[in-house]
2 protein chains.
Amino acid sequence: MEIKILKDILNANEGIAERNRQLLDNKGVFALNLMASPGAGKTSLILETIKMLKGKTRIGVIEGDISSSLDAEAIGKEGVPAIQINTGGACHLDANMLSSALSNMPLPDIELLLIENVGNLVCPASFALGEHKKVVISSIPEGDDKPFKYPLMFNIADAVLINKIDLLPYLKFDIEVFSKGIKGINEKVEIFPVSCVTSQGIQEWVSWLLTQISQR
Amino acid sequence: MEIKILKDILNANEGIAERNRQLLDNKGVFALNLMASPGAGKTSLILETIKMLKGKTRIGVIEGDISSSLDAEAIGKEGVPAIQINTGGACHLDANMLSSALSNMPLPDIELLLIENVGNLVCPASFALGEHKKVVISSIPEGDDKPFKYPLMFNIADAVLINKIDLLPYLKFDIEVFSKGIKGINEKVEIFPVSCVTSQGIQEWVSWLLTQISQR
């Protein structure tokens with residue numbers, strides 16, 4: 001019975017996600033769904049990406065949060081359109097929340113939409129939003145066993161960023177073990193080791209992103 | 001309608017949690033529900049706590065995970081009874097899962113039961129298990145804004161550990177800002193800065209724990 005309800009919810013979500021994607025396609029907007037644990041660096045990555053792409057593509061940001069608006073305020077300062085979705089306690093964004101946010105977003109002015117999901121490695125993996133690519137941000141302090149513990153999240157990712165590589169000297173984290181863990185469940189995923197503090201690896205990430213936008 | 005279903009689920013959960021607590025009380029077992037983001041150090045803290053309490057109290061561990069059994073294997077090596085709960089994709093433990101696990105646990109041999117919840121700062125906060133105290137483990141790399149972003153989790157905590165303080169020299173994290181953020185929503189919470197690498201602060205945490213057990 002619980003499973004049946006969940007299936008109904010997920011099916012309804014898929015329908016709305018498909019409509020969101022059509023709207024984005026019609027407006028020429030390429031959308032990323034950014035997912036991660038709390039504190040892995042989603043907002044920092046968005047800020048770095050905005051900095052690197054200034055003048056190259058027009059960016060909009062949608063910030064998913066449970067109740068605060070801290071992140072949207074930080075991003076608004078960068079001069080890009082930023083909208084906050086407060087989930088009211090829910091642990092993930094869903095397509096319906098994105099649909100409401102899109103109606104408040106100046107879509108004709110945007111080429112790239114970055115959607116920051118709620119910090120959670122579980123539920124966001126099950127809810128499509130209408131995005132074109134799913135990106136997971138992992139970070140060195142979380143440990144290299146995460147692909148084994150949260151397999152669905154790493155299975156559905158188009159790209160995985162390994163953030164905070166500036167902390168590698170101080171922590172036990174084997175990038176090869178981590179990468180093999182992901183490739184074992186998701187052969188075609190792209191992996192980018194990055195640091196939002198030193199900007200190492202950000203160029204490679206941004207190049208991939210621009211290629212994705214141009215190929216859509 | 002969705003809210004009604006959620007209410008029913010939470011009410012049913014409360015009833016089972018209450019029965020779990022009665023069973024634990026009858027057997028003289030003090031139970032902790034350990035909650036945190038993925039990679040904050042739940043398993044490391046459990047291993048440190050086992051090491052410090054060897055010979056002082058008899059410990060059992062229940063490991064909640066989405067699908068793997070990595071953590072239960074690590075803890076089993078310490079020679080304490082360890083049982084794995086695989087949630088089958090669910091993002092939190094619930095009282096019913098704990099009830100099944102308790103029936104497989106040698107309760108008469110245990111005084112302290114450590115329950116490691118699924119790595120998630122959202123949903124586990126809503127599901128009582130039958131524990132006596134709720135403990136949240138936060139960590140330095142996650143950032144000092146977490147109490148503002150995940151208020152329910154920090155609101156329901158009896159104690160909050162700030163883990164990985166050995167990384168303070170390399171990261172921007174203001175323990176005072178973080179602590180004030182928690183105290184603002186939860187005045188009576190106990191806060192313990194610790195490192196499971198250097199063992200700093202672990203003695204204070206373990207002393208608090210022993211006091212809780214003796215006062216129950």
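The values are calculated or read from the model by the stated rules, or taken from the named source; none is laboratory data. Model, not experiment: these values are computed from the prediction. Cβ sites come from the backbone with ideal geometry, for glycine too, and all protein chains shown count toward neighbours. Calculation scope for accessible area: heavy atoms of the full protein, side chains included, ligands and nucleic acids excluded. Shrake-Rupley method; radii C 1.70, N 1.55, O 1.52, S 1.80 Å.
Any residue at all in segment B:118-141 that is modelled with pLDDT of 95 or more, within 10 Å of another protein chain (Cβ to nearest Cβ), over 19 Å from B:Arg19 (Cα atoms) and more than 16 Å from the chain's Cα centre (by Cα)?
Yes, that holds for at least one residue.
Filter segment A:84-100 down to residues that are under 16 Å from A:Leu24 (Cα atoms) and touching a strand residue (DSSP E or B) at 6+ places or on another chain (Cβ under 6 Å), then give me how many there are.
1
Identify the residue in segment B:105-116 that is assigned to a loop (DSSP other than H, G, I, E, B) and open to solvent by 10 Å² or more (accessible area, probe 1.4 Å) and, among all such residues, is nearest to the other protein chains (Cβ to nearest Cβ).
Filtering first and then ranking leaves B:Met105.
Could you tell me which residue of segment B:127-145 is nearest to A:Gly41 (Cα to Cα), considering only residues that are touching a residue at least 40 places away in the same chain (Cβ under 8 Å) and touching a Gly at 6+ places or on another chain (Cβ under 8 Å)?
In this case the residue turns out to be B:Glu142.
Would you check if A:Lys149 is at the interface with another protein chain (Cβ under 8 Å from one of its Cβ atoms), free of Cβ contacts under 8 Å to residues at least 40 places away in the same chain and touching a strand residue (DSSP E or B) at 6+ places or on another chain (Cβ under 7 Å)?
yes
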